[in-house]
1. What residues qualify as long-range amide H neighbours of SER195, i.e. H under 5 Å apart, gap of 5 or more or another chain, H built at 1.01 Å from N?
2. Of the accessible area of the range 14-102, with the probe set at 1.4 angstrom, what percent is carbon plus sulfur?
3. List every residue whose amide H lies under 5 Å from the amide H of ALA7, counting only residues 5 or more places away in sequence or on a different chain, with H placed 1.01 Å from N in the peptide plane.
4. I need the fraction of alpha carbon pairs in the range 122-205 separated by more than 22 Å, rounded to a whole percent.
5. Before I look further, what does the chain give for accessible area per residue, probe 1.4 Å, in whole square angstrom?
6. Can you work out the Karplus-derived ³J(HN,Hα) for every residue in the range 23-31? Use 6.51 cos²θ - 1.76 cosθ + 1.60 with θ = phi - 60°, whole Hz, and x for glycine or proline.
7. Provide, in order from the shortest bin, the percent of all Cα-Cα pairs of the range 58-109 in each 5 Å bin, continuing until the bin that contains the maximum pair distance.
8. Which whole-Hz couplings ³J(HN,Hα) result when phi for each residue of the range 40-53 is put into the Karplus expression 6.51 cos²θ - 1.76 cosθ + 1.60, θ = phi - 60°, listed in order with x for Gly and Pro?
Amino acid sequence: PNAEGFAYQASGGSVLGPFTAAGAILMPPNAPTRITVAPLTVSGTTATGTLVSMPGGFDGQLAFTGGGVSGSLRFDRAGAVQRITAALTARDARFAGPPQTTIRRLSINGAVLLDPAGLGVDARVTARGVRRGGLTVGRLSADVDMKGGTGTVVVSAAGRRGKAFALQGTAQVAPERIAITGGGTIERQRLKLDSAAVLTREGGAWRLAPTALSFNGGTARVSGRFGEGANAVDATLERMPLSILDLVSP
């Protein structure tokens, strides 16, 4: 505590590496509470700014510099719903991890609505030359269009994890259900989802309904449960090259 409110310091770990933070929570009489971030630092990238606590959320901005990252996160409110607008780029950025992540080019533009009735997202992500552990993504593009927790995610990616891959997919997202269609190639051999992969939420886990896929002259029918509690997979294979598993673990 101090005369103006509180000073704070923090440190910890994240998927991008260790972080430190410092700043103040200012509580002037008869005025909104202000949170000053000065700074938040992870792997050479620093965020600074001020957020003002308002009814329904925060107003303000965090600016990012250093470590190959630049841009901002802007906070405001759409009615009584918190909105966060991102305009971020990365060039030759490196994050400690573990595992270490390097990014040659990255662009994130869009907005997120933290609506209690369902997440809203209107965003586009493009990337080139991303490496994380044993995964290399030469190119990535993703478009997200969601309102009230329902919408569409379109992703295209090419890279290498044990084997070279090029995949495209579309996910129809609802609060308790995700249906994925798509396909691509692994080592230039065609991979296709012959039927949509439908995931249904079961508490803290997801249930995969029986899904048919084909790859390099083989076929498979897969179902299972993933997430909280025990995981389970039920697969029937016919002439399916097991090199497809390289995408999971080389």
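The values are calculated or read from the model by the stated rules, or taken from the named source; none is laboratory data. Bear in mind that the values here come from a model prediction, so they are computed numbers and not experimental data. Note: ideal-geometry Cβ built from the backbone for every residue, glycine included; neighbour counts use all protein chains shown. Note: accessible area is taken over every heavy atom of the protein model, side chains too, but ligands, DNA and RNA are not part of it. Shrake-Rupley method; radii C 1.70, N 1.55, O 1.52, S 1.80 Å.
1. ALA212
2. Here it works out to 64 percent.
3. Under 5 Å from the amide H of ALA7: ASN2, ILE25.
4. 36 percent
5. Values: 13970 Å² over 250 residues.
Computed with neighbouring chains in place, this is 56 Å² per residue.
6. Result, rounded to whole Hz: x, 8, 10, 9, 10, x, x, 6, 8.
7. 5, 19, 21, 19, 14, 11, 7, 3, 0
8. Once rounded to whole Hz, the list reads 10, 10, 9, 6, x, 9, 10, 10, 9, x, 9, 10, 10, 6.
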